[in-house]
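Participant: Sharing a structure, written as structure tokens. Questions coming.
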Amino acid sequence: MSLDVDIRKRYDDFELDVQLQAGSERVALLGASGCGKSLTLRCIAGVETPDEGRIVVDGITFFDSCAGVNLSPQERACALLFQNYQLFLHMTAEENVCAGMRDVQSGWGMRGPAHDARRRARSFLQIFGVAELAERYPAQMSGGQQQRVALARMLAAGPQILMFDEPFSALDSYLKSALEQTLLDVFSVIDRNVLYVSHDIDEACRLCDRICVMHNGRIEESGTAHELLARPQTLAGMRLTGCKNTSRARRVSATEVEALDWGMTFDVGREVPSDVAYVGVRARHIHRDHERRVGERGRNSFDVRVARVSDSRFERLVLLDPPLGDARSRIQWKVDMVDVSRDELPREGETLRLHFDASKILLVSR
């Protein structure tokens, strides 16, 4: 299985310019809203038409502006699951799944005995645990049940490429986790290209082999989750992989970089690129400097004031005022609350001596 995309589509205030190649793998398109993720899927599915370029799936040309090829959505061997599921409201769950089959007739599809179609439809519904809903209409189902019926219909179509447009965004965390595991079970037994649109780095890590970071209509970088987390190449890559603390930067010396928005200079212990533009520090790579007290100097240690704290179930989020800057440039620090006395946790208004892990400070040039 293979995918080759090289397309451009222009609007008055936006341009999509995407080059993407993939084999039999699961690829996430990770990016903020409006960056072109969903538009890319819609162009592959034939819902939108690029201005120019080429789309080839498993050797079949879906679109080629030079050759004048533009297959209709019905002619393309692909399935796209939208956020709103798009079930046929006048059909039962079983009929919806049958409608997705390419090789059945008898009232819904193209050819084959009706009882075979129904039997196959129920087998796909069973995969997602909703076989008992076969006779229900979408209006009689919850959102999560509709989601699973839509997934069954998608798989029943037997597509060469499976595409998901943030399919779990409206589900509660428990159901989302269960469906993710079901999808992983399905992925493990089918040899298909999978494109998965998300703005959630954790979701992309759990479901996909490779992640492409999209920004302003382009894929800026691509790699495994480990590669992107350890060595992002762009500001967009840092932010989309969960780095909450970023600042404009300039090179001070061979191993030193200044975070201009914070008024802090770090010795990163390695060569700083001459064209460094941004520095990033993940919230988990900040620690209390127990060796020094407030006011004592140390490499990559600074006195910072706790501006605000807020607690989740297992950790405290601490907003820090850097030596220079305002509320817009506050630094986020996450503190584990498990097995820690509340008296030891940072409190609003106190000044702490904190250390920034030099080996984990991120540097990018664009």
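For (1) at pLDDT below 95; (2) touching a Lys or Arg at 6+ places or on another chain (Cβ under 9 Å); (3) in a strand (DSSP E or B); (4) not assigned by TED's automatic domain parsing to the domain that holds Ser222, each residue gets a yes or a no:
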{"residue": "Ser247", "(1), (2), (3), (4)": "no, no, yes, yes"}
{"residue": "Glu258", "(1), (2), (3), (4)": "no, yes, yes, yes"}
{"residue": "Arg270", "(1), (2), (3), (4)": "yes, no, no, yes"}
{"residue": "Gly280", "(1), (2), (3), (4)": "no, yes, yes, yes"}
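Participant: Then there's this: Look through Arg284, Arg231, Arg297 and report the one residue that is surrounded by fewer than 18 Cβ atoms within 10 Å (Cβ to Cβ), under 30 Å from Leu39 (Cβ atoms) and at pLDDT below 95.
Facilitator: From the options Arg284, Arg231, Arg297, the qualifying one is Arg231.
Participant: Find all pairs meeting these conditions: Cβ atoms under 6 angstrom apart; at least six residues apart or on different chains; first residue within region 146-158 and farther than 12 Å from Ala99 by Cα; second residue among the aromatic types (Phe, Trp, Tyr) and at pLDDT 85 or above.
Facilitator: So the pair list comes out as Arg148/Phe128; Leu151/Phe128.
Participant: Which pairs have Cβ atoms under 8 Å, sit 6 or more apart or on different chains, and link a residue in region 199-212 that is part of a loop (DSSP other than H, G, I, E, B) to one that is among the polar types (S, T, N, Q)?
Facilitator: Here the result reads His199/Ser33; Asp209/Thr224, each pair linking region 199-212 to a residue that is among the polar types (S, T, N, Q).
Participant: With the structure loaded, tell me whether Pro323 is part of a loop (DSSP other than H, G, I, E, B), at pLDDT below 90 and more than 24 Å from Asp275 (Cβ to Cβ) or whether it fails that test.
Facilitator: So Pro323 passes the test.
Participant: In region 1-18, how many residues are of a type outside the set (A, V, I, L, M, F, W, C) and more than 16 Å from Ala45 (Cα to Cα)?
Facilitator: 6
Participant: Moving on. So which residues in region 187-224 are of a type in the set (A, V, I, L, M), under 17 Å from Glu25 (Cα atoms) and surrounded by 17 or more Cβ atoms within 10 Å (Cβ to Cβ)?
Facilitator: Val194, Leu195, Val197, Ala204, Leu207, Ile211, Val213
Participant: Could you count how many residues in region 56-95 are in a loop (DSSP other than H, G, I, E, B) and of a type in the set (Val, Ile, Thr)?
Facilitator: Of the residues in that region, 1 qualify.
Participant: Can you name the residue in region 47-85 that is among the small types (Gly, Ala, Ser) and at pLDDT below 95 and, of all such residues, is surrounded by the most Cβ atoms within 10 Å (Cβ to Cβ)?
Facilitator: Checked region 47-85; the qualifying residue surrounded by the most Cβ atoms within 10 Å (Cβ to Cβ) is Ala79.
Participant: Among the residues of region 217-228, which ones are assigned to a loop (DSSP other than H, G, I, E, B) and either at pLDDT below 95 or touching a helix residue (DSSP H, G or I) at 6+ places or on another chain (Cβ under 7 Å) (or both)?
Facilitator: Across region 217-228, the qualifying residue is only Thr224.
Participant: Which numbered condition trips up Val318, out of (1) of a type outside the set (Ser, Thr, Tyr); (2) modelled with pLDDT under 90; (3) not in a helix (DSSP H, G or I)?
Facilitator: Exception for Val318: condition (2).
Participant: Tell me, which residue of region 157-198 that is assigned to a strand (DSSP E or B) and of a type in the set (Ser, Thr, Tyr) is modelled with the highest pLDDT?
Facilitator: The extreme case among them is Tyr196.
Participant: Report yes if some residue within region 19-32 is touching a Gly at 6+ places or on another chain (Cβ under 7 Å), of a type outside the set (Asp, Glu) and either in the same structural domain as Cys205 (by TED's automatic domain parsing) or assigned to a loop (DSSP other than H, G, I, E, B) (or both); otherwise report no.
Facilitator: Within region 19-32, not a single residue is touching a Gly at 6+ places or on another chain (Cβ under 7 Å), of a type outside the set (Asp, Glu) and either in the same structural domain as Cys205 (by TED's automatic domain parsing) or assigned to a loop (DSSP other than H, G, I, E, B) (or both).
Participant: Test Val335 against the stated conditions and say whether it is surrounded by 15 or more Cβ atoms within 10 Å (Cβ to Cβ), over 29 Å from Val252 (Cβ atoms) and within 26 Å of the chain's Cα centre (by Cα).
Facilitator: yes
Participant: Sticking with this one: Using the structure shown, decide if Ala236 is surrounded by 20 or more Cβ atoms within 10 Å (Cβ to Cβ), out of contact with any Asp or Glu (no Cβ under 9 Å at 6 or more places or on another chain) and within 22 Å of Lys334 (Cα to Cα).
Facilitator: no
The values are calculated or read from the model by the stated rules, or taken from the named source; none is laboratory data. Fair warning: this is a prediction, and the values are worked out from it, not measured in the lab. Cβ: placed from backbone, ideal geometry, glycine included. Neighbour counts: every protein chain shown.
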